[in-house]
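Data first, discussion second: the structure below is written as structure tokens.
Rule-based calculations on the coordinates, nothing more; no lab input. Keep in mind that what you see is a predicted model, and the values were worked out from it rather than measured. Quick reminder, even Gly has a Cβ in these numbers, built from the backbone with ideal geometry, and neighbours come from all protein chains shown.
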Amino acid sequence: MIVGVKDGFKFIGVAVVCACATFVLTFFLNYRLDALAVDAGTLSEEARALYDAQLVSAKITCAVTGGCLALIAAALTVFYVGVYIDSRAQRLGVLKALGYSDGRLAAGFLAFGLSVFVGSAAGHGAGYAFSPIVYRLMSDGLIPLTLRYHTTLTVCLVLLPTALFAALAALCALVKLRRPALSLIRGKAEREKHGKDGRAERSFLRDCMLKTPARSKLLTFFVAIAGFCYGTMLQMSRSMKELSSVTMGAVMLLIGVVLSVTAFALAMTSLTRANAKTVALMRAYGYSLSECGAAVFGGFRLFAYLGFAVGTVYQYGLLKLMTAVVFRGVAGMPAYTFDVKAFFVTLATFLVLYEAAIAFFTYRIGKTPLKNFIAE
Amino acid sequence: MIFAENVTKSYANGRTQTQVLKGVSLEVKKGELAVVLGASGSGKSTLLSVLSGLETPDSGRVVADGEEISAMSEGERTKFRRRAVGFVFQQYFLLPHLTAEKNVKLGADLAKNGSYGEILAAVGLGEKRKKYPSELSGGEQQRVSIARAVAKNPKILFLDEPTGALDEETGRSVIDYLLKLQRERGFTAVMVTHNENLSETADRVIRMNSGKIIAVNQNGRKKSAYEIGW
């Protein structure tokens, strides 16, 4: 078997993102479907305003959350398949040399759909378990709603993504495997595209710092996404206390932390692995651990903070839109203003956690045994 | 310049300990080229890592450039390597995303050496300084790696099988470039190899077998790789 069932479950990052996405989408979409079954004509004027607002709110949240998380999951899939093929290039090359077609090898990657299935099934189940609380919070005792199970949702949120992501993994594998068998066996990477050569007077460390993010665009995206998720979800969760409830705030906080930690850890562990040799060489030459850390991770700091900044603007825009347009006219809805205190608290925790994580990964990258490297 | 006394080193191999160096003692004088010869598994590479401060011995003393590196902490050894040591590896280990010039800067920056371009020219790669490693031949890549090590102005250069991945002709030319640079700059060099032909290019030849030094010979006059007909 080219990709074993066990390998299929190693797609942890995708499973986590799928679980988060399906969790949110399940209770919002289920709420929307159940709400649409209610005869709106029987509602009081106050209840009708809330009813209309919640329908639109559920729609917007699902579109935004679903869209963002699907994009992240797709990027993760492309990344994982690439890493999987690169790390097993020799074995795959031998199989190709023995006569296995690209299509047959790529078909094995359908097994990666298993992680999507596990993640989305878990998120879907958790979404249903959490639904009674959401119904109570969103209906505010004004809309008479009964929680019903919708098979369509299971199909659309669990089975369909499983099939789509399995197909995406196989397609990515097909593209990545379009190399001669010999090139896979020799482990020759596809010819690296070289960007502009940096200025001659620029120091080696500065060159490394600038070139590492440019060489690992997908990892740069994940670092930015980690900053974005942290900035968005944590500030939103604070605002949710006033706009919705402490429970919704806690859910957002949890999702924000899980998503940002997943994306960040994935990027950092991949960078650590990919740069082990460079760091071993630098250490042999006498570069300090902090210089090695700066060369490998330093260039990503800008993107992490940029992600945080975009996340801050995005959450402000989204909440402003919700309160000023969607929930306009709903009784008891407070006016939303930018929460300066929440911003500074989130920024401070982000700064501390980010730098602590970089220090941790710098320490880990320094653990590469120099002797292994010299004897290679 | 380098002095080792009764050095031992073992590695854990599962539950068993394998002793790789069994009481090695040697001396390499300032400005010498010492070649360590031995078959695969004789402990040459381990000796190189211990002499260069990449690793500490289990017992015994290692003194290099007047400092007892066997008694140093990890941090102190890093500083020692930064100050005094250069490396050339069999597999070159050039950074693929950087040009030849920028790879040499990895070493040059540590010594604040602005004239690294001259060293690239000295190894015959002045014209190819803007090329990436993938655009260079094996011999050229090894010459870049020698330039990278020499640009650091090392007091001691350690070379681990520098011709191991090269054909005979290319290997010869790389060794001659190395000898030329050593003559010009006067650094001490310790080269580990299993290539017997290289023994005549050295001032001192140290033969190893099963973790022990079995013979040390001194050559009166170093020969070029071409002179010895290798």
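Could you compute how fast the stretch A:1-105 diffuses translationally, taking Rh as the Kirkwood radius over C-alpha pairs and applying Stokes-Einstein at 10 °C with viscosity 1.306 mPa s? Give it in µm² per second.
Reported coefficient: 92 µm²/s.
Karplus couplings for the stretch B:6-12 from phi (6.51 cos²θ - 1.76 cosθ + 1.60, θ = phi - 60°), rounded to Hz, Gly and Pro as x?
Using θ = phi - 60°, the values come out as 6, 7, 10, 8, 10, 10, 6 Hz.
Once the Cβ-Cβ distance between residue B:27 and residue A:277 is put in as r, and R0 is 45 Å, what FRET efficiency do you end up with, to the nearest 0.05?
Details: r = 33 Å, r/R0 = 0.73.
Using R0 = 45 Å, I get an efficiency of 0.85.
Starting at the first residue of the stretch A:145-151, write each ³J(HN,Hα) from the Karplus equation 6.51 cos²θ - 1.76 cosθ + 1.60 with θ = phi - 60°, in whole Hz, x for Gly and Pro.
10, 10, 6, 10, 8, 10, 4
Work out how much length residue A:60 to residue A:90 would gain on full extension: take 0.36 nm times their residue separation and subtract the Cα-Cα distance, in nm to one decimal.
Working: separation 30, 0.36 × 30 = 10.80 nm, distance 4.65 nm.
Length gained, residue A:60 through residue A:90: 6.1 nm.
Given a cut-off of 26 Å, name the pairs among B:105/B:212; A:59/A:241; B:29/B:102; A:96/A:277; B:79/B:212; A:277/B:155 whose C-alpha atoms lie farther apart than that in the structure shown. Write out the running numbers ahead of the final one.
Numbers: B:105/B:212 37 Å; A:59/A:241 21 Å; B:29/B:102 32 Å; A:96/A:277 28 Å; B:79/B:212 29 Å; A:277/B:155 24 Å.
Violating the 26 Å limit, Cα to Cα: B:105/B:212; B:29/B:102; A:96/A:277; B:79/B:212.
Could you give the length gained on full extension between residue B:67 and residue B:19, defined as 0.36 nm per residue of separation minus the Cα-Cα distance, in nm?
Additional length available on full extension: 14.7 nm.
Check every DSSP H run in chain A and write down those whose alpha carbon atoms cover 15 angstrom or more along the long axis and whose mean Kyte-Doolittle hydropathy is -0.5 or greater.
Answer set is A:12-36, A:45-87, A:113-139, A:160-176, A:204-215, A:217-243, A:246-274, A:301-321, A:340-365.
Could you give the dipole magnitude of the protein assembly as shown about its Cα centre, charging the beta-carbon of Lys and Arg +1 and that of Asp and Glu -1, in debye to the nearest 20?
800 debye
Farthest toward the dipole's positive end in the protein assembly as shown, which of A:313, A:40, A:334, given Cβ charges of +1 (Lys, Arg) and -1 (Asp, Glu) about the Cα centre?
Going by the Cα projections, it comes out as A:313.
Name the residues whose placed amide hydrogens come within less than 5 Å of the amide hydrogen of residue B:159, ignoring near sequence neighbours (fewer than 5 apart) on the same chain.
Distant-sequence amide H within range of residue B:159: B:88, B:190, B:191, B:192.
Mind pulling the angle between the C-alpha long axis of helix B:138-150 and the longest principal axis of chain B? Nearest 10 degrees, somewhere in 0 to 90.
Compared with the principal axis, the helix lies near 70 degrees.
Between beta-carbons, use under 14 Å as the cut-off and find the net charge around residue A:48, counting Lys and Arg +1, Asp and Glu -1.
Every neighbour counted, the sum reads -4.
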